[in-house]
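What follows is a short report on a single structure.
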Amino acid sequence: MRFAPAAAALSLAFAMTASVSYGQMRDPDPRAGMLIAQGEASLNAGDTQGAIDAFEAALAVDPGYTPIFLHLGEAARADELQGKAIRYYREALDRDPGNLAAISGEGAAMAEKGALEKARLNLAKVQSLCGENCPETRELAAAIAAGPHTQVLTAEANIEPQPQQN
């Protein structure tokens, strides 16, 4: 009987873990599913703002469906908003810490932003979870190899100093 409390605690922990991982493997609300499909079509057509609008609407319909954050991160990256994409990927990771797509997407956004060391840490994490040949590893390695996206200069940064006239 000395082990009864420990056994009860362990069984409760296993039950909670099983229910959390089961909850991650569900289908979205049908209305959210339609909005996700619409967002994917918009993103494939190059309409990033339309895709973001559709994904945000899907999130409003089904806020518990984690993959919507992955879609939002992808759309933000396509719109050159890497900081926003990182925030979406981190939200997905808060909900599902072992999500390979979120780890890889966050690393790719970091590489595009210029944070190559942090991106390499994500690459090491993905490699340890799924190996060298999984698609997430290859995609993140390619993003790191491509390096940061060119930065857009503002008008103020592009002005050359004028010589002073006496």
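When the stretch 49-101 is filtered for residues that are under 15 Å from A111 (Cα atoms) and of a type in the set (V, I, T), only I86 remains.
Just to be sure, is Q164 surrounded by 15 or more Cβ atoms within 10 Å (Cβ to Cβ), more than 30 Å from G50 (Cβ to Cβ), out of contact with any strand residue (DSSP E or B) (no Cβ under 6 Å at 6 or more places or on another chain) and modelled with pLDDT under 95?
Numbers: surrounded by 15 or more Cβ atoms within 10 Å (Cβ to Cβ): no; more than 30 Å from G50 (Cβ to Cβ): yes; out of contact with any strand residue (DSSP E or B) (no Cβ under 6 Å at 6 or more places or on another chain): yes; modelled with pLDDT under 95: yes.
In short, no.
Just one of (1) surrounded by fewer than 20 Cβ atoms within 10 Å (Cβ to Cβ); (2) of a type in the set (A, V, I, L, M, F, W, C); (3) farther than 18 Å from R26 by Cβ fails for L72. It is (1). Checked against (1) farther than 22 Å from Q49 by Cβ; (2) modelled with pLDDT of 95 or more, E136 passes all but a single condition, namely (2). In the stretch 14-26, the count of residues that are modelled with pLDDT of 55 or more, surrounded by 10 or more Cβ atoms within 10 Å (Cβ to Cβ) and hydroxyl-bearing (S, T, Y) is zero. All of A108, A142 fail the test of being under 28 Å from T66 (Cα atoms), of a type outside the set (S, T, N, Q) and at pLDDT 95 or above, apart from A108.
The values are calculated or read from the model by the stated rules, or taken from the named source; none is laboratory data. Values in this document were obtained by computation on a predicted structure and should not be read as measured data. Neighbour counts are summed over all protein chains in view; Cβ atoms, including those assigned to glycine, are modelled from backbone coordinates with ideal geometry.
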